[in-house]
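Below is one structure, written out as structure tokens; comments come after it.
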């Protein structure tokens, strides 16, 4: 008969502790994502702990500061986008990949706008977690660009930073013209698509040209 040693019991207990810690961290990240989305990043950490069903001590063991929690949530969202980009690249398709990916990125930023605004500072971008996430998204975008260039869909000379700057511009426009509805975002995404399209490729613009009245209406809210 096999006799369990104290070392075996200790190993089992350690595995359970690690599993519990991983579950608590995942619950905290999910709760923080939901609460930040609903209420903005100004919400207190106590509400996040309550939503996750853990105590504040558990929250602070995982995330010593609120900034740590915000950065972890945004990094997770970026890594989810990276995984989506990798899945597109692995699909072995001859269809356009870059623009659908950019469209999803814009949707992600619009949903989690307050989070992305908080981590937009140069100081936070120097953090290892955020730096790794940005490097990963740039790498994926460059590969998506190369894929679409091989198909003759987008112009040569375009790089990931070009695309990210256009992406940020589209998000800014969507914010500035929020009262005009989702068509303002669709229109400026179609402008982005036209800007990066290969010469001779037709990319009709969507929607109507924004007016000064649209800007004033959004500014008033």
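The values are calculated or read from the model by the stated rules, or taken from the named source; none is laboratory data. As the structure is a prediction and not an experimental result, all values here were calculated from the model. Virtual Cβ from ideal backbone geometry, glycine too; neighbours counted across all protein chains shown.
Only one entry of 54, 102 meets the criterion of being at pLDDT below 95, surrounded by 18 or more Cβ atoms within 10 Å (Cβ to Cβ) and part of a loop (DSSP other than H, G, I, E, B), and that entry is 54.
Name the residues in the stretch 189-220 that are in contact (Cβ under 8 Å) with a residue 12 or more places away in the chain, part of a helix (DSSP H, G or I) and farther than 18 Å from residue 176 by Cα, would you? Passing the criteria: 193, 195, 196. Of the residues 145, 158, the single one that is outside any helix (DSSP H, G or I), at pLDDT 90 or above and closer than 13 Å to residue 102 by Cβ is 158.
Kindly establish whether residue 139 is under 21 Å from residue 26 (Cα atoms), over 12 Å from the mean Cα position of the chain (by Cα) and either surrounded by fewer than 18 Cβ atoms within 10 Å (Cβ to Cβ) or modelled with pLDDT of 90 or more (or both).
Criteria not met by residue 139.
Being in a loop (DSSP other than H, G, I, E, B), crowded, with 19+ Cβ neighbours inside 10 Å and modelled with pLDDT of 80 or more is not true of residue 73.
Take the residues in the stretch 114-128 that are part of a helix (DSSP H, G or I) and surrounded by fewer than 16 Cβ atoms within 10 Å (Cβ to Cβ), then tell me which one is modelled with the highest pLDDT. Only one residue tops the list, namely 128.
Take the conditions surrounded by 16 or more Cβ atoms within 10 Å (Cβ to Cβ), out of contact with any strand residue (DSSP E or B) (no Cβ under 8 Å at 6 or more places or on another chain) and in the same structural domain as residue 199 (by TED's automatic domain parsing) and apply them to residue 166. Does it pass?
Details: surrounded by 16 or more Cβ atoms within 10 Å (Cβ to Cβ): yes; out of contact with any strand residue (DSSP E or B) (no Cβ under 8 Å at 6 or more places or on another chain): yes; in the same structural domain as residue 199 (by TED's automatic domain parsing): yes.
For residue 166, the condition - surrounded by 16 or more Cβ atoms within 10 Å (Cβ to Cβ), out of contact with any strand residue (DSSP E or B) (no Cβ under 8 Å at 6 or more places or on another chain) and in the same structural domain as residue 199 (by TED's automatic domain parsing) - is met.
Can you tell which of 76, 95, 30 is out of contact with any strand residue (DSSP E or B) (no Cβ under 8 Å at 6 or more places or on another chain), under 30 Å from residue 189 (Cα atoms) and not assigned by TED's automatic domain parsing to the domain that holds residue 143? Only one candidate qualifies: 30. Specify the residue that is modelled with the lowest pLDDT; the eligible residues are those in the stretch 180-197 that are crowded, with 20+ Cβ neighbours inside 10 Å and farther than 19 Å from residue 156 by Cα. The residue in question is 180.
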